[in-house]
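> First, the structure itself, so that you have it in front of you.
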Amino acid sequence: LLGDEECLMAFCTAPDLVHDMMDHLTTLYLHVFSQVVAKIQVDVIHIWEDMCGRQGPLIGPAQWDEFMGPHYRRITAFAKEHDIPVVSVDTDGNPELIAECMINAGVNLLFPMEVAAGCDVAYWRKQYPSLALLGGIDKRSLAEGPKAIDAEMARVRPALAAGRYIPELDHCIPDDVSWDNYTYYVERLKELVGKA
């Protein structure tokens, strides 16, 4: 609503406005969700934040707890009330500085675990055992070919064996990936998860 820079500055220069915006949007979304859950059983609430870069989150843990935490707790309370088992967050980059904040607010799945930002699913699996992970396969390996794809499959195998991890690319398929490399990746992924 404000643009990236203006929004980030507003956390310091107009905190009441940021609080009001977050409260309004959460109230709106929960009102819409309440209409949906009245008709069908929902399995996942997915929050698309994209609030991190390669160097970390765009706001610190204290700001996250102050501004976002209360609204995440409203969403996760709604999920619990309606037997929605998964509350996931999509953020690019490296969210480690705010991971505990999200977990404490009820988030139980994180996506896409971007490799280029330093997110290693084996590390995350050990560091945050209660958090499910999705993604974590370096999309860039697909352009490099079979050897790089095989190395990625071997790299994520320990996280898969540990559980609570769904291997998937850490972003959309880049446009420099050939069809042959893509189909090779799909076959290796099927083997990895026992579906070959």
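> Any residue in the range 130-140 that is modelled with pLDDT under 95, open to solvent by 20 Å² or more (accessible area, probe 1.4 Å) and farther than 20 Å from Asp180 by Cα? Steps first, please.
First, the residues of the range 130-140 that are modelled with pLDDT under 95: 130.
Applying the additional criterion that residues be open to solvent by 20 Å² or more (accessible area, probe 1.4 Å) yields 130.
Still in the list and also farther than 20 Å from Asp180 by Cα: 130.
Yes, there is a match, as at least one residue in the range 130-140 is modelled with pLDDT under 95, open to solvent by 20 Å² or more (accessible area, probe 1.4 Å) and farther than 20 Å from Asp180 by Cα.
> Further question: Which residues, counting only those in the range 149-179, are among the hydrophobic types (A, V, I, L, M, F, W, C) and open to solvent by 50 Å² or more (accessible area, probe 1.4 Å)? Explain how you work it out, then say what you get.
From the range 149-179, those among the hydrophobic types (A, V, I, L, M, F, W, C) are 149, 151, 153-154, 156, 159-162, 166, 169, 172-173, 177, 179; that's our starting set.
Scanning the range 149-179 gives Ala151, Ala154, Ala161, Ala162, Ile166, Cys172, Ile173, Trp179.
> May I ask you to list pairs of residues, at least six apart or on different chains, whose Cβ atoms are under 7 Å apart, with the first in the range 142-158 being farther than 16 Å from Trp179 by Cα and the second being outside any helix (DSSP H, G or I) and open to solvent by less than 40 Å² (accessible area, probe 1.4 Å)?
Going by the 7 Å Cβ cut-off, the qualifying pairs are Glu152/Ile137; Glu152/Asp138; Val156/Gly136; Val156/Ile137; Val156/Pro167.
The values are calculated or read from the model by the stated rules, or taken from the named source; none is laboratory data. Quick caveat: nothing in here was measured; it's all calculated off a predicted structure. Positions of Cβ are generated from backbone atoms using ideal geometry, with glycine treated the same way; all protein chains shown enter the neighbour counts. Areas reflect the complete protein model, heavy atoms only, side chains present, ligands, DNA and RNA absent. Shrake-Rupley method; radii C 1.70, N 1.55, O 1.52, S 1.80 Å.
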